[in-house]
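To start, the structure under review is shown below, and the notes come after it.
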Amino acid sequence: MKTALITGISRGIGKALAEKFLTEGHVVIGTSLSGTVDFSHEKLTVHQLDLTSSQSIRVCTEAIKKSDTKIDILVNNAGALFDEEETNVIIDKLRQTLEVNLIGTIDFTEHIIHAINKDGHIVNVSSSAGSLGGKSLTEIEFAKSSHFPFHYPAYKISKAALNMYTRTLAARFINEKTPVVVSSVHPGWVKTSMGGDGAPMLPVEAAEDIYRLAISQPETGQFWFKGEKHPW
Ligand SMILES: NC(=O)c1ccc[n+]([C@@H]2O[C@H](COP(=O)([O-])OP(=O)(O)OC[C@H]3O[C@@H](n4cnc5c(N)ncnc54)[C@H](OP(=O)(O)O)[C@@H]3O)[C@@H](O)[C@H]2O)c1
């Protein structure tokens, strides 16, 4: 039995992932903006977390640390897409996006990092939209859909930068005897409020893949999609 800390479990992929961990008998500490979710379980606790607020990050991580729980798996799932219908970078939207997907996510991770077990796993839910090399799966998927030709640059920039956090964090742990593994994962294009109705995958399918990755001990500092390495 493992303890998983998952951000953004109120809906979408995060909710499906929390339910998967609970179904498999693990303990889940989840977060949502309101501090509540519409499901319950004896092994589930939920904390309020707004990644745009350093105060909220501090309060949330202090509360988790106070419970003296050691975390085996941290899934940084919470994320936001503010510029879905843009081709240009809108600075206000870029700031908003980076606050949630990058700065808040890093701030949260750095505050909780000492509560993560030595052989633990940090999984950053990224996106192929942030891939700099190779073909972006999301672009191929979107090219076939009505979302094309929007390019949501702020979102892409945020996920590319989050991937670099995965790399730098993995490198920080690498010389430890039992290093924490750090991974980025692309969940696929998923039917959620972010992914929209045209997406081909269900949240439970994405959750299944992320769960399998999270409970394994893969090569650290890699970007994954459906169990395979994804180009950075
Ligand atoms: N869906 C896709 O096709 C797709 C593709 C590639 C990557 N992803 C990534 O997968 C992850 C989950 O996406 P999703 O599709 O499940 O999105 P979603 O349905 O929109 O859910 C987003 C989650 O993030 C939380 N969240 C948003 N802003 C937050 C903030 N400021 N502070 C804390 N939590 C916040 C939300 O909490 P509240 O409900 O409490 O607001 C919600 O639980 C994201 O990182 C996303 O970038 C999704």
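The values are calculated or read from the model by the stated rules, or taken from the named source; none is laboratory data. All values derive from a computational prediction rather than experimental measurement. Quick reminder, even Gly has a Cβ in these numbers, built from the backbone with ideal geometry, and neighbours come from all protein chains shown. For accessibility, only protein heavy atoms count, side chains too; no ligands or nucleic acids. Shrake-Rupley method; radii C 1.70, N 1.55, O 1.52, S 1.80 Å.
Couple of notes before you dig in:
- Test result for E219, assigned to a loop (DSSP other than H, G, I, E, B) and at pLDDT below 95: no
- Look at (1) at pLDDT 95 or above; (2) open to solvent by 20 Å² or more (accessible area, probe 1.4 Å) and you find that L169 fails only one, number (2).
- Any hit, the range 22-34, residues being over 13 Å from the mean Cα position of the chain (by Cα), within 10 Å of the ligand (Cβ to nearest atom) and in a loop (DSSP other than H, G, I, E, B): yes
- Residue satisfying condition, being open to solvent by 70 Å² or more (accessible area, probe 1.4 Å) and within 23 Å of L102 (Cβ to Cβ), within set I210, I174: I174
- Applying the criterion of at least 1 residues that are among the small types (G, A, S) and either more than 9 Å from the ligand (Cβ to nearest atom) or open to solvent by 70 Å² or more (accessible area, probe 1.4 Å) (or both) to the helices (runs of 4 or more DSSP H) found wholly in the range 47-118 leaves 54-66.
- For S34, the criteria (1) over 21 Å from L202 (Cβ atoms); (2) surrounded by fewer than 19 Cβ atoms within 10 Å (Cβ to Cβ); (3) modelled with pLDDT under 95 hold in every case but one, which is (3).
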